[in-house]
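Working notes, structure below.
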Amino acid sequence: MSETLSEIVRLNDRTKPTASLHVEVIADLVCPFSFVGKRRFDAALHAVQGPSEVTWYPYQLNPDIPAEGLPFDVYLSQRFSTPANVDPVLEFLKVEGESVGIEFRFDLIQHVPNSLPVHQIMQLAETRGKDPTALAEDLFSAFFEQGRNIGEREVLVDIAAAYGIGEAEANRAVDSDKLKQLVLTREAQVRSSGIAGIPGFLINRRLLVVGAQETDNIVNAFDRAMFGEGDDELGLPVLH
């Protein structure tokens, strides 16, 4: 995604539509709307049942959070100012989560991590040919449904092990300055493309869906992107 969005659209004006899907998912693994959006995206892929390829791009929801993260209550107070602002958002998320089979357990979350090491593990998995979507699901679930601090090295090592990534390799990934720079470079490419909210789904480099949209909206976007019914951004709101 080294081109800007306008460059992508201009280049794809000369590209014939294709009946296959390539989707670039832009998300953060500590973003609850990204978790909801992923579940709806999964349902949309299942509905169309066509050939598809999915890649993931990093986007830090809280790029300025300390390296050690923040206690959850401190994070909420900084982000929402008062409990009166927090409670409606969490209740809304619980309802949205239930609609796609997510049990948000905000009562279990003690700490909000800096997500950069999480993206480094995602990047390692991609280079190893592992399924990034399945790994993202496990990371989302660990944080939001189990209350695990996915920024902790031990937690990342444990989750990565299910994908054939050994402890030593996972530790090297977390410590790797090269991998860190790769993640930051990919994120900078995303931000320079004009994307300012997540989740985002860039479909066949023809159409961008922004936000945790309903499954039917995503299926409609797939149809438009595959069959050439417009090269544009689906005009839907960012939810946070």
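The values are calculated or read from the model by the stated rules, or taken from the named source; none is laboratory data. Note that this is a predicted model, so its numbers are computed, not measured. Ideal geometry is used to build each Cβ from the backbone, glycine not excepted, and the neighbour counts take in all protein chains shown. To get the accessible areas, we keep the full protein, side chains included, count just its heavy atoms, and leave off ligands, DNA and RNA. Shrake-Rupley method; radii C 1.70, N 1.55, O 1.52, S 1.80 Å.
General observations
- Members of segment 193-217 found to be assigned to a helix (DSSP H, G or I) and either among the hydroxyl-bearing types (Ser, Thr, Tyr) or farther than 22 Å from Gly228 by Cα (or both), listed by number: Thr215
- Within segment 25-50, the set of residues being at pLDDT below 95 and not in a helix (DSSP H, G or I) comprises Gln49, Gly50.
- Just one of (1) closer than 22 Å to Asn62 by Cβ; (2) touching a residue at least 60 places away in the same chain (Cβ under 8 Å); (3) charged (D, E, K, R) fails for Glu126. It is (1).
- Test for Asn85: is it within 20 Å of Ile150 (Cβ to Cβ), polar (S, T, N, Q) and modelled with pLDDT under 95: no
- Members of segment 129-178 found to be within 15 Å of His119 (Cβ to Cβ) and among the β-branched types (Val, Ile, Thr), listed by number: Thr133, Ile150, Val155, Ile159, Ile165, Val174
- Residue count for segment 64-74, restricted to those that are surrounded by 12 or more Cβ atoms within 10 Å (Cβ to Cβ) and without any contact (Cβ under 8 Å) to a residue 24 or more places away in the chain: 2.
- Meeting the requirement of 2 or more residues that are more than 19 Å from the chain's Cα centre (by Cα), the helices (runs of 4 or more DSSP H) wholly within segment 77-192 are 83-99, 153-161, 167-175, 177-192.
- Meets criteria (crowded, with 16+ Cβ neighbours inside 10 Å, modelled with pLDDT of 95 or more and more than 30 Å from Asn220 (Cβ to Cβ)) for Ile109: yes
- None of Ser52, Ser77, Ser81 is exposed (fewer than 12 other Cβ atoms within 10 Å of the Cβ) and small (Gly, Ala, Ser) except Ser81.
- Meets criteria (open to solvent by less than 80 Å² (accessible area, probe 1.4 Å), under 30 Å from Ser52 (Cα atoms) and in contact with a helix residue (DSSP H, G or I) (Cβ under 9 Å, 6 or more places away or on another chain)) for Glu103: no
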